[in-house]
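The structure under discussion appears below in the form of structure tokens.
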Amino acid sequence: MTSPEQKQQHFLEAMAKTVKKTVEFPPGTFVTVVDAKMAPDQANAKVILSVLPIANEELVLQSLETYRHDIIKEMARSLRLRHLPNIYWAFDHTEENASEIEGYIDELKEKGEL
């Protein structure tokens with residue numbers, strides 16, 4: 001029997017491979033599957049992506065929706081499941097937030113307030 005954490009990790013790894021293999025993103029766009037969270041009943045899953053440049057997030061979302069059927073088909077095959085959770089996409093803005101905070105810190109250092 002596998003634990004919920006193992007199932008989520010397996011789902012995350014399969015999703016990362018599937019997105020890389022199946023989806024064609026706009027040129028110059030780098031997409032990484034950062035995390036995947038499944039609901040306890042496994043009816044829904046949120047896949048968290050990191051996109052560079054950030055300005056291409058909407059184009060990435062359009063690509064994911066275009067390839068949704070192919071993603072689901074490949075995930076079902078990879079995980080050997082008949083029913084996959086409903087997949088929702090979210091974006092990780094950790095890098096953007098960190099950069100913004102570093103900018104504020106540098107600004108305070110220049111003013112001598114830090």
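Coordinate-derived values only; no laboratory data. Predicted, not measured: the structure shown is a model, and the values here were computed from it. Glycine gets a Cβ as well: all are built from the backbone with ideal geometry, and neighbour counts include every protein chain shown.
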Calculated from backbone phi, Karplus (6.51, -1.76, 1.60) coupling profile of the range 79-87 in Hz, x at Gly/Pro: 8, 6, 10, 7, 10, 9, x, 5, 9
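Based solely on its DSSP helices, what 222 nm [θ] is calculated for the chain when runs of n ≥ 4 H residues each add -39,500 (n - 2.57) and the sum is averaged over all residues, nearest 500 deg cm²/dmol? Provide the component values of the computation, followed by the final result.
Numbers: 4 runs with 59 residues, N = 114.
After summing the helix terms and dividing by the residues of the chain, the value is -17000 deg cm²/dmol.
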Label-reachable residues, the range 29-43, where backbone N falls under 20 Å from a point 7 Å from residue 58's Cα toward its Cβ: 29-31
3J(HN,Hα) from dihedral phi, the range 53-68, Karplus parametrisation 6.51/-1.76/1.60, rounded to Hz, x for glycine, proline: x, 4, 4, 8, 4, 5, 5, 5, 4, 4, 5, 4, 5, 4, 9, 3
For peptides 28-39, 11-22, sequence by mean Cβ density within 10 Å, most packed first: 11-22, 28-39
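Over all directions, how big on average is the projection of the convex hull of the alpha-carbon atoms in the chain, in square nanometres?
Working: hull surface 37.2 nm².
Hull-based average projected area comes out at 9.3 nm².
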The range 4-111, relative contact order [Cα under 8 Å, separation at least 6], %: 28
Cβ-derived FRET efficiency at R0 41 Å, residue 106 paired with residue 66, nearest 0.05: 0.55
Amide H contacts of residue 44 (H built 1.01 Å from N, under 5 Å, at least 5 apart or other chain): 39, 86
